[in-house]
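Each value in this text was obtained by applying a stated rule to the coordinates, not by laboratory testing. The structure presented is a predicted model; accordingly, all values stated were derived computationally and were not measured. Counting neighbours? That spans all protein chains shown, and the Cβs are built from the backbone with ideal geometry, glycine included.
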Amino acid sequence: MKKLLFVIDMQNDFIDGALGTKEAQAILPAVIEKVKTFDGDVIFTRDTHFDNYLDTQEGKKLPVPHCIKGTPGWELAPALEALRIEKNAPVFDKLTFGCKELPVSVNASLCAGVTPQSHENALEAMKMCQIHICQVNVYRGG
């Protein structure tokens, strides 16, 4: 079985730029180490916006210009970019919240949590990340 590691949007603007946080700064060394030592393929994504960001739907809901293509904030953290080049790892520019080339959807009826409440909490968290949640009836026998 092929092992894949996805490094999602570890860009300067999300680390110490326009939308940076101390939490993102704190995890950066561990992310770098994980990429260095991962025994499998690594795939990177970059949140990608353009000069018209504030006129977009996202820009109206989050009026903080970030990850504008070609700016330093759009670039991956330097150590991660160096590793990406070294490993010849692909990078996907995401023009939407999700990555069209890497679609993610979850069938809520085919997963469960430790409790019904933890299941609902997980689904709500995924919705906040704009993961498509579908509900397909499952044959339960009988």
Stretched fully, the stretch from Lys36 through Lys2 gains (0.36 nm per residue minus C-alpha distance, one decimal, in nm) 10.5 nm
For Ile27, the net charge from surrounding residues (Cβ-Cβ under 13 Å; K, R +1; D, E -1) works out to -2
Across Pro90, Pro103, Pro65, the residue with the highest GNM fluctuation in the chain (Cα network, 10 Å cutoff) is Pro103
When the chain is treated as a Gaussian network with springs between alpha carbons less than 10 Å apart, the largest mean-square fluctuation among Leu76, Leu54, Leu110 is found at Leu110
Exposure proxy check on Thr37, Thr45: fewest-to-most Cβ neighbours within 10 Å is Thr37, Thr45
Cβ density ranking, 10 Å radius, fewest first, applied to Lys36, Lys60 yields Lys60, Lys36
For Rg and Dmax of the Cα atoms in Å, with candidates (1) 16.7, 50; (2) 17.6, 59; (3) 14.6, 44, the value calculated from the shown model is option (2)
Cβ density ranking, 10 Å radius, fewest first, applied to Val35, Val114, Val104 yields Val114, Val104, Val35
Connecting every pair of Cα atoms under 10 Å apart in the chain and solving the GNM, the largest mean-square fluctuation among Pro29, Pro72, Pro116 falls on Pro116
